[in-house]
Amino acid sequence: LAKDNRSGFEFFADQINEIFSRRYILEKSLYSALELKQFFLNYQPQIEVRTGRIIGVEALIRWEHPELGIVSPDEFIPMAEETGLIIPIGEYVLRTACEQHNKWLVAGLPPIRVAVNLSALQFRQPDLVQMVAEVLANTKMSPEFLEIEITESVAMTQVEEVIEKLNSLENLGVETSIDDFGTGYSSLACLQKFPIKALKIERSLIQQITKDSGSKSIVRAMINLAHNLDMKVTAEGIETLEHFRFLKRHKCDRVQGFFFSKPLSADRIEKIYESLQEN
Ligand code: C2E
Ligand code: CA
Ligand code: CA
């Protein structure tokens, strides 16, 4: 059979093989990735709209696979959830982010908040709060500079348990926020019972605001809702000046997105501060 004369099925089978082999390779190598030190964190600056200053960073995990290069968390976090590996990986992220915060302090940077994402499985661990407390103690990180993000979908299932956990985290002095707000169906009545400090508006919603007026109204309403509940609002996925202008006009508190900066290495974050001090 000539190569370009193969049946549709064979072509299909090749594609299936490719998908399965990538998935297979990734899943297999995920087990040893932590030990082999293949993970690292990037940090994306968050800007306070009122002052234009960097007030925090979000820690975002990356996996440098020896054969496949950089693998996106969108691809491997679900695998880590399925295999349970998210537990040690998540702890690594938290510890590394806290250690990095301290390193920046030693390097003379002003203290900035570091936000860490917690996955669904991680958040549901019975000893989550204890784990966070231990990492804070071991790294001597001041809790007020740690922000923990859980997604709207995690927040909105088993609400009573979630509230209890969020309260315990707040009692440690840690800030908590709801990520990807606007993707699911938040019960607004529930929202006021959450002891959270901030809502992060999902980036797809932000990117719609320049396309349709409906999204504009929704984002405006979300900002007002958050403010009425005494919460701050972070908008993520700001890619253009137009996005920024709209959010500034409507009193969004903090913004994060490629318009300001991509996620950067810890060294790059340090360099940004050095250059700010020189000016
Ligand atoms: P997320 O928590 O919503 O993080 C924001 C994602 O949006 C990041 O993707 C970031 O690079 C991207 N982003 C930021 N600004 C822009 C923009 O202006 N335009 C566009 N198109 N994208 C922007 P990333 O780093 O690939 O992470 C994807 C997701 O993977 C995260 O979404 C989060 O759900 C998950 N993730 C990342 N790191 C961790 C982690 O350490 N633990 C857990 N559990 N999940 C993580
Ligand atoms: Ca996040
Ligand atoms: Ca998000």
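Some values worked out for this structure:
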read-out: Within the chain, longest stretch free of exposed GluC sites (Glu not before Pro) [DSSP loop, at most 14 other beta carbons within 10 Å]; value: 68-279
read-out: Set of segment 147-184 residues, backbone N closer than 17 Å to the point 7 Å along the Cα-Cβ line of Ala137; value: 168-174
read-out: Cα-based convex hull, segment 120-203, per residue volume (Å³, whole number); value: 91 Å³
read-out: In Hz, Karplus ³J(HN,Hα) per residue of segment 42-47 (6.51, -1.76, 1.60; θ = phi - 60°; x = Gly, Pro); value: 10, 10, 9, x, 10, 10
read-out: Fewest-first ranking of Lys211, Lys271, Lys200, using other Cβ atoms within 10 Å as the exposure measure; value: Lys211, Lys271, Lys200
read-out: Full-stretch length increase - Ser265, Ser204 - with 0.36 nm per residue and alpha-carbon distance subtracted; value: 19.5 nm
read-out: Equivalent ellipsoid dimensions for segment 1-141 as semi-axes, Å, which come from the Cα gyration tensor, largest first; value: 38, 19, 13
read-out: Simple spin-label estimate for Glu144 and Asp230 in nanometres, 7 Å along Cα-Cβ; value: 1.7 nm
read-out: Debye equation applied to the C-alpha atoms of the chain, log10 I(q)/I(0) at 0.12, 0.15, 0.17 Å⁻¹; value: -0.81, -1.20, -1.45
read-out: Calculated from backbone phi, Karplus (6.51, -1.76, 1.60) coupling profile of segment 183-200 in Hz, x at Gly/Pro; value: 8, x, 10, 6, 7, 5, 5, 5, 3, 6, 8, 6, x, 8, 9, 8, 10, 10
read-out: Relative contact order %, the chain, counting alpha carbon pairs below 8 Å whose residues are six or more apart; value: 17 percent
read-out: Vicinal HN-Hα couplings computed from phi for segment 163-169 (Karplus, 6.51 cos²θ - 1.76 cosθ + 1.60; Hz; Gly/Pro x); value: 4, 4, 5, 4, 4, 4, 5
read-out: Acute angle (nearest 10 degrees) that the helix 86-106 long axis makes with the longest principal axis of the chain, alpha-carbon atoms; value: 50 degrees
read-out: Under 5 Å, built H, 5+ apart or other chain: amide partners of Ala235; value: Ile201, Arg254, Val255, Gln256
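Read-outs: derived from the displayed coordinates by stated rules, not from any lab. The shown structure was predicted, so the numbers you read here are calculated from the model rather than taken from an experiment. Every residue, glycine as well, gets a Cβ built from its backbone with ideal geometry; the counts of neighbours run over all protein chains shown.
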